[in-house]
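Quick notes on the structure that follows.
None of the figures in this text is laboratory data; all of them are computed from the coordinates on show. Quick caveat: nothing in here was measured; it's all calculated off a predicted structure. Quick reminder, even Gly has a Cβ in these numbers, built from the backbone with ideal geometry, and neighbours come from all protein chains shown.
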Amino acid sequence: MDSPEDRPHVVILGGGFGGLAAARTLGGAPVRVTLVDRSNHHLFQPLLYQVATALLPAPDIAAPLRNLLSSYENVRVLLAEAQRIDVDKRLVVLDHGEALTYDFLIVATGLKHDYLGHPEWERHAPGLKTLYEALEIRSRVLLAFEAAERLTDPEEKRAFLTFIVVGGGATGVELAGQLSEISRNALRRDFRTIDPSSARIVLIEGADRIFRDYDPSLSARAQRDLESLGVEVHTSTFVTDIDDRGVTFGEGERIEAHTVLWAAGVRASSMAEQLGAELDKMGRVKVTAYCTVPGRDEVAVLGDLIHLTSKKNGQPLPAVAQVALQSGKLVARNILRRINGEAPRPFKYFDKGLMATIGRNRAIVESRGLKMTGLLAWLTWLFIHIAFLVGFRNRVAVLLQWIWAYVTNRRDSRVVFSHPKEQGPAALEPRVSRRPSATEQATSEIGVPNARPSGAWAWSRSDD
């Protein structure tokens, strides 16, 4: 294999935690690597909600994939979206018609929103998986306050000052906590005819408790923390309808609200369906112990897309970033082992625990029998997030933003990107969500939104 073209070709779909870990592990190895992503950047999805709530600017949690992989001459990055996989012909067809042949395929395209049989809800309740969606949510939230400032009708004013979050997992709880803090702290002096602190924040969860993946005592503490921030928490409650005026839930109870955010359901990306493997109810691939498709040793699946049972509790591995990182490295090393004629090694997940933040000085941590809450957990959460951010510039920028916000209670990332004629109440008219094409995304000032899943935090939440 003297010529690079003679080396085995590894195609990686997805540049999140898992795909990037695999690409870096294969960097400099005797293989050709092509990483395909519809985004031009790697997104640190665990902090995406802070972009949506104006605490951080979008570039601080993203880094260009080309820059991250520029030191590996054997790695090529393509801004494109995979449309079809032919596992028999070992072929991946991209959105521009280009076809990639592979010797090994790594699928790390993550999860997508699932509106539980009601796709029409998406236009009224955007989810949070991409930078594009984070900026959309930020605009809706900030423009809701602007609209309320202009209105005189008390009922309409109240509807614009009501924010509903559907889903009590990590993303939902963090969004609700930050919405409370932005209304009660960051905006409290900025308006003259409304009191932003009077905003009503409602969290609706179908299970009997929020943070159901955590110890019940931590879930209870998190709910108390949310309620101390003024958030209304409804558990064991199912949403029955969402429209442009609000949410219907439970036994016909109705809340009028112009801002509804979705953090309730996810399922595997459509790429999983094209691998010819058995899928679970979330559409994840039931992989072998080596994270490969049964009967297809050349096709591997990473992170959120894998259904693999934990030896610890007999449950499927969680959709967290540590699963993506660890499976990405293992799959890449197993490819090199196979090339060298060695036996691959099975995936052994090392569970580092879960953590999530509720608000200022409020967080919960559960790791290998250790449980923390309050200020200590919050400081631990800060340290881990800074440590796992990709790129020195991002770490410094985020740390400085956090210090500034903590000291001043201000949020300076509050610029709304919309035409002036679209601002105010008209800007909040329901819109059909549409993911920009790769070309449109490539020309945007923030780069291409990276469609990524949201899951529980495990030192860094899943983004493969």
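Can you pull the semi-axes for the stretch 150-292, root of five times each eigenvalue of the Cα gyration tensor, sorted largest first, whole Å? Intermediate values should be presented prior to the final figure.
Details: eigenvalues 240, 65, 43 Å².
Computed over the stretch 150-292, the values are 35, 18, 15 Å.
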I'd like the Karplus ³J(HN,Hα) series for the stretch 356-368: coefficients 6.51, -1.76, 1.60, θ = phi - 60°, whole numbers in Hz, and an x wherever there's a Gly or Pro.
7, 10, 9, x, 4, 6, 10, 7, 10, 9, 9, 8, 6
With no solvent and one point per C-alpha, what does the Debye sum give as log10 I(q)/I(0) for the stretch 276-365 at q = 0.21, 0.22, 0.26 Å⁻¹?
-1.01, -1.08, -1.35
Strictly greater than 12 Å: what percent of every Cα pair in the stretch 112-161 meets that?
68 percent
Beyond 12 Å, what percent of the Cα pairs of the stretch 12-69 remain?
67 percent
Pair Thr152, Glu256: separation of 7 Å Cα→Cβ label points (nm)
1.7 nm
Can you give the Kirkwood hydrodynamic radius of the stretch 188-243 from its Cα pairs, in Å with one decimal?
13.1 Å
I need the peptides 274-285, 392-403 ranked by packing, meaning the mean over residues of other C-beta atoms within 10 angstrom, with the highest value on top.
274-285, 392-403
log₁₀ of I(q)/I(0) at q = 0.11, 0.19 Å⁻¹ - the stretch 285-431, Debye sum with one point per alpha carbon
-0.69, -1.10
Sites Glu98 and Asp297, calculated FRET efficiency, Cβ-Cβ separation with R0 25 Å, nearest 0.05
0.45
Asn67 to Leu91: FRET efficiency via 1/(1 + (r/R0)^6), r the Cβ-Cβ distance, R0 30 Å, to the nearest 0.05?
0.55
Residues with beta-carbon under 12 Å from that of Asp241, excluding Asp241: net charge, scoring Lys, Arg +1 and Asp, Glu -1?
-2
Have a look at the stretch 28-171 and give its Rg and Dmax from the Cα atoms, expressed in angstrom.
20.3, 68
Report D for the stretch 145-190 in µm² per second (integer): Stokes-Einstein, Kirkwood Rh on Cα pairs, 4 °C, 1.567 mPa s.
110 µm²/s
Strictly greater than 42 Å: what percent of every Cα pair in the chain meets that?
15 percent
Convex hull projection area averaged over all views, the stretch 168-213, Cα basis, nm²:
3.5 nm²
Return the subset of Lys112/Lys286; Lys281/Lys311; Lys112/Lys312 for which the Cα-Cα distance in this structure is over 24 Å, preserving the input order.
Lys112/Lys312
For Asn40, what residues show an amide H to amide H distance below 5 Å, using hydrogens built from the backbone and excluding near sequence neighbours?
Val448
Taking only DSSP H segments of four or more residues, each worth -39500 (n - 2.57), what value at 222 nm results for the chain once the sum is divided by all its residues, to the nearest 500 deg cm²/dmol?
-8500 deg cm²/dmol
Taking amide H positions as placed in the peptide plane 1.01 Å from N, state which residues far from His9 in sequence (5 or more) or on other chains have amide H under 5 Å from it.
Arg32, Asp103, Phe104
Protection proxy ranking, peptides 344-353, 182-191, average beta carbon neighbours within 10 Å, highest first:
182-191, 344-353
Can you compute the FRET efficiency between Thr248 and Val407 using 1/(1 + (r/R0)^6), with r the Cβ-Cβ distance and R0 = 35 Å? Round to the nearest 0.05.
0.25
Give me, ordered by chain and number, the residues 5 or more places off Thr237 or on other chains with an amide H under 5 Å from its own placed amide H.
Glu205, Gly206, Ala207
Cα-derived Rg over Rh, computed across the stretch 209-283 with Rh taken as Kirkwood radius:
1.09
